[in-house]
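Inspection log for the structure reproduced underneath, given as structure tokens.
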Amino acid sequence: MPKPVRKLLATLEGTPDPIPPVWFMRQAGRYLPEYREVRAKAGGFLDLCYNPALAAEVTLQPIRRYGFDAAILFADILLVPDALGQPLGFHEGEGPRLAPIRSAPELASLKPSATQAKFGRVFETVARLRQDLPNATTLIGFCGAPWTVATYMVAGSGSSDQADARAWAYGDPGGFGQLIDLLTDVSVDYLSGQVQAGADVLQIFDSWAGSLPDDQFERWVIAPTRRMVEALRKKHPLVPIIGFPRGAGAMTARFVEATGVQGVSCDTSMPLAAMADLGRKTCVQGNLDPLLLVAGGEPLEERTREILERMEGKRFVFNLGHGIVPEAPPEHVAQLVELVKGWRG
């Protein structure tokens, strides 16, 4: 019996399908009642991330329900600082809280040699998923990009403008660069371990890339991502890497060219014409507004058809411009997946 084609993997490798592969960021999450049940059973959010059986279960839930072409590992970008020893907690309604790192002594308190104890639990989740997923389903591993993870580590939480990290980068680029270098090296090891455990594709989430001017974007987004891609390609030459420089706008094409990623995820602010133009040069995914999943109905169908028509013939992966929001009705997700999978041009 021939091996089933993993549609997302084939598209990234240069063999697009007339019906594009479809998966969504945050496709495992609070909008699903079955996820909420498991989340309540797990206890805290980190407990869920570090429990291989439960993390694998919530990763599989949207695959069973919707038949997405890819599953993305259920984890969090802040598992890297947590594994490094930076105190981390998640509080309902408040988001993550970390003990801020803003100086050389605080940076020295991080322990790269200790990461494997926690990373090992994530690798076990990946191995379970590769065993339990349908053969035709691509498995995506991921991490946060060094710049984005650093913004949380420096501020001690999420922020609207990443001012603390930007101020450190301007005032002490050497010291801030040490943090970026550490995150780059540790993230390469983390992603490599996911590949060894069974991930087919990797995605690097740079959620706050758009907060930097072009010169800083080159230094703190492009340069570390390029280092990661080069290091991972030496270890795993056949594994495609998708970049997601959210908010990069006009810098997105430069990001693709300079980093060497095989695919790029486009956020909702990216004009459809610009995404289509980018799709002539590389594999693109995106960029449906997640709030259209809340609206449903004709507005959702109209924009979906417009995206599909514009991206026809390109190396294209249907996705959102960001993650599914908790308010999205599951039936609207089903409506969207059915529309994409039934697309005939």
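Could you say whether any residue in the stretch 62-71 is of a type in the set (S, T, Y), open to solvent by less than 20 Å² (accessible area, probe 1.4 Å) and within 26 Å of P20 (Cα to Cα)? Scanning the stretch 62-71 turns up no residue that is of a type in the set (S, T, Y), open to solvent by less than 20 Å² (accessible area, probe 1.4 Å) and within 26 Å of P20 (Cα to Cα). Listed by position, the helices (runs of 4 or more DSSP H) enclosed by the stretch 204-284 that each have at least 3 residues that are surrounded by 17 or more Cβ atoms within 10 Å (Cβ to Cβ) are 223-235, 252-259, 272-278. Within the stretch 216-235, no residue that is without any contact (Cβ under 8 Å) to a residue 12 or more places away in the chain and over 14 Å from S187 (Cβ atoms) sits with its Cβ atom under 9 Å from a residue that is of a type in the set (V, I, T) and open to solvent by 10 Å² or more (accessible area, probe 1.4 Å) at 6+ positions apart or across chains.
Checking each residue in the stretch 43-66 for being among the aliphatic types (A, V, I, L, M) and under 20 Å from M25 (Cα atoms) picks out L46, L48, L54, A55, A56, V58, L60, I63. Within the stretch 59-94, being small (G, A, S) and under 18 Å from the mean Cα position of the chain (by Cα) holds for A70, A71, A75.
Contact map, the stretch 121-133: first residue hydroxyl-bearing (S, T, Y), second residue open to solvent by less than 10 Å² (accessible area, probe 1.4 Å), Cβ cut-off under 6 Å, separation 6 or more or different chains; pairs are T125/A55; T125/A56.
Evaluated against (1) modelled with pLDDT under 95; (2) polar (S, T, N, Q); (3) buried (at least 21 other Cβ atoms within 10 Å of the Cβ), S159 falls short on exactly one condition, (3).
Taking the conditions exactly as written (touching a strand residue (DSSP E or B) at 6+ places or on another chain (Cβ under 8 Å), of a type in the set (F, W, Y) and open to solvent by less than 50 Å² (accessible area, probe 1.4 Å)), does W147 satisfy them or not? Criteria met by W147. If the condition is being of a type in the set (G, A, S) and surrounded by fewer than 21 Cβ atoms within 10 Å (Cβ to Cβ), then the stretch 23-38 contributes only G29. Out of the residues in the stretch 162-192 that are of a type in the set (S, T, N, Q) and more than 16 Å from S103 (Cβ to Cβ), which is surrounded by the most Cβ atoms within 10 Å (Cβ to Cβ)? That would be S187. Residues of the stretch 157-175 include at least one that is under 19 Å from L88 (Cα atoms) and not in a loop (DSSP other than H, G, I, E, B).
Tell me, yes or no, whether the stretch 151-168 has at least one residue that is within 18 Å of the chain's Cα centre (by Cα) and free of Cβ contacts under 8 Å to residues at least 40 places away in the same chain. Checked the stretch 151-168: no residue is within 18 Å of the chain's Cα centre (by Cα) and free of Cβ contacts under 8 Å to residues at least 40 places away in the same chain.
The values are calculated or read from the model by the stated rules, or taken from the named source; none is laboratory data. Note that the structure is a prediction, hence the values are computed from the model and not measured. For neighbour counting, all protein chains shown are included, and Cβ atoms are generated from backbone atoms with ideal geometry for every residue, glycine included. With ligands, DNA and RNA removed, areas are computed over all heavy atoms of the protein, side chains included. Shrake-Rupley method; radii C 1.70, N 1.55, O 1.52, S 1.80 Å.
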